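S.K.: Below is the structure I would like to discuss, written out as structure tokens.
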Amino acid sequence: KIALVTLVLFLLALLCVIIYSINKVFGLHFKDDYRRVSSFFVYEENVRGKSVFETYRLIQCKKIMLTEVPYKYKWTGKKAKICSKNQKIIREKKGRDEEWDEVSLKFDKPLHFNDSTVLHIRTENEDPKGVAKPWIECRLESPIEFLHFRVQLAYKGNQCQELVVFERKRINSELDTGFEEIETINFDATYMQYSYICLNPDPGYYYRLRWQK
């Protein structure tokens, strides 16, 4: 019996060493737990003061196994109700005004190396006093194939002539030089929305689509 217990303990220790070594090798090639492939952001405000924001992110696992991932967000209006179609939301953390709020998205089944999935977040937002900032923004720290922003503002009507600005700002800048304008986009009167796709954006920036309230 002692010999059997010793053998089992030895095999468990060997398995731990193997898993640690594989993770260490993976870590040399991949900084993060997963690779970001693409992100799709949708903001809809058809009635002033009430809006919906949804994020879809295609990711690829770069660990032996991944059971959950963090998601950071911020709503600048009164309150937001958060949910997800694809994952279970756990450990919600509220930050101060100048900090991000954060939740963890738990997968129904663990992801294994090179498995892909779509992360989904939906927030239902209220802004009765009109204090929410008129933009959607993402922080990009690692390469991604494309970002797609869509903003539907039906309350503006199909006669809207206003332009929106797609812009960016460095994440770690010694001087706060503000955002640099990349492009302006016309209002699509047929669908009463703005839409913009950015292919292979440079990492290390905040990217945002800003409109007039």
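S.K.: Can you tell me how many residues within segment 174-209 are farther than 27 Å from residue 37 by Cα, open to solvent by 50 Å² or more (accessible area, probe 1.4 Å) and either touching a residue at least 40 places away in the same chain (Cβ under 8 Å) or hydrophobic (A, V, I, L, M, F, W, C) (or both)?
M.R.: Adding up the residues that qualify gives 2.
S.K.: Could you tell me which residue of segment 118-162 is modelled with the highest pLDDT, considering only residues that are closer than 16 Å to residue 213 by Cα and of a type in the set (Phe, Trp, Tyr)?
M.R.: Ranking the qualifying residues of segment 118-162, first place goes to 135.
S.K.: Could you count how many residues in segment 80-108 are in a strand (DSSP E or B) and in contact with a Lys or Arg (Cβ under 6 Å, 6 or more places away or on another chain)?
M.R.: Result for segment 80-108: 7.
S.K.: List the pairs whose first member sits in segment 77-103 and is in contact (Cβ under 8 Å) with a residue 40 or more places away in the chain, whose second member is open to solvent by less than 70 Å² (accessible area, probe 1.4 Å) and of a type in the set (A, V, I, L, M), and whose Cβ atoms are under 6 Å apart, counting only residues at least 6 apart or on separate chains?
M.R.: 77/132
S.K.: Please specify each residue of segment 109-121 satisfying the condition of being in a strand (DSSP E or B) and over 15 Å from the mean Cα position of the chain (by Cα).
M.R.: Residues satisfying the conditions are 109, 110, 111, 112, 116.
The values are calculated or read from the model by the stated rules, or taken from the named source; none is laboratory data. Every value quoted in this text rests on a predicted model; they were computed, and no experiment measured them. Cβ: placed from backbone, ideal geometry, glycine included. Neighbour counts: every protein chain shown. For the accessible areas, the whole protein counts, side chains as well, though only heavy atoms, and no ligand, DNA or RNA atoms are used. Shrake-Rupley method; radii C 1.70, N 1.55, O 1.52, S 1.80 Å.
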